1. Once the Cα atoms of region 38-131 are picked out, what are the Rg and Dmax in Å?
2. Send over the Kirkwood Rh of region 94-203, from the inverse of the averaged 1/r over different Cα pairs, rounded to one decimal Å.
3. Return the percentage of antiparallel bridges among DSSP beta bridges fully within the chain, rounded to the nearest 5 %.
4. I'd like to compare 70-78, 114-122: which one has the highest average count of other Cβ atoms within 10 Å, and what's the full order after that?
5. If one takes the longest principal axis of the Cα atoms in the chain, at what angle in degrees, from 0 to 90 and to the nearest 10, does the Cα axis of helix 11-23 lie?
6. Determine, at each q value in 0.15, 0.16, 0.22 (inverse angstroms), the log₁₀ of I(q)/I(0) that the Debye formula gives when each Cα of region 1-41 is one equal point scatterer.
7. Would you mind classifying region 2-93 by shape? Square roots of the alpha carbon gyration tensor eigenvalues, ordered a ≥ b ≥ c; an a/c under 1.5 is rounded, otherwise it is prolate if a/b is larger than b/c and oblate if not.
8. Quick one: P(r) of the chain from all Cα-Cα pairs, 10 Å bins, percents rounded to integers, in order of increasing distance.
Amino acid sequence: MADIVLFGAGKVAEVAEALFREAGSHRVVAFAVDRAHLDGPTFLGRPVVAFEELAERYPPAEVKAFVAIGYHALNTARAERVAALEAQGYELVDCISPRAWVAEGALTGRNCLIMPHAVVEPGARLGRDVVVWSNATIGHHARLDDHVWVAGNSVIGGGAHLGAYTFAALGTVVGNEVTVGAESLLGAGVRITRCCAEKSVFIQPETEKYRLDSDRFLRISKLR
């Protein structure tokens, strides 16, 4: 079991630590953050070190690394930390739940996070630093470029293509053979059936709140 350091000490890092522990493939020995975000000496019972001191305290010859932060600034913050760790000589690993189903050869880069019950079908190709959250499906022969994030319960159709840095929120559906340009933002519940240019934004209107509260609604309905 190889030792690794996680960059990040927040919610995504907590999730990644649990997945690594469940998989039994890597042992998380420490967390790292930028010095400006160093809030305390430990996280989940392990040391938290400033990134500026990481190579001295946990040399790349002794540990591997994984960047476990969110989709801030349309995934660019995570991409920058991936590049910084690689520049210091760290080997990045993937974080894949043993309860996910990932077709052989689908992962072509490193620092990918695949959550429980996600499905990556045969012929699909995921680049570097791609996140696929729980219950999402990446269809056969789909392509996700570097630094893409696909949130839970999303479906990316067969042969579809998501450009680099694209964020697909909860429940996004992208149709078969549809190309979404790089740096696009797909809001929760959207349906994309036509190709779109880079930096596209799609937002689904929020469901309207009903005029009655739950007590009054139950009195006039058959749900009581």
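Any read-out appearing in this document is the output of simple, stated calculations on the displayed coordinates, not a laboratory observation. Keep in mind that this is a model prediction, so the values were computed, not measured. Note: ideal-geometry Cβ built from the backbone for every residue, glycine included; neighbour counts use all protein chains shown.
1. 14.8, 44
2. 12.9
3. 5
4. 114-122, 70-78
5. 70
6. The Cα Debye sum returns log10 ratios of -0.35, -0.40, -0.69.
7. In terms of gyration-tensor shape, rounded.
8. 8, 32, 29, 18, 10, 3, 1
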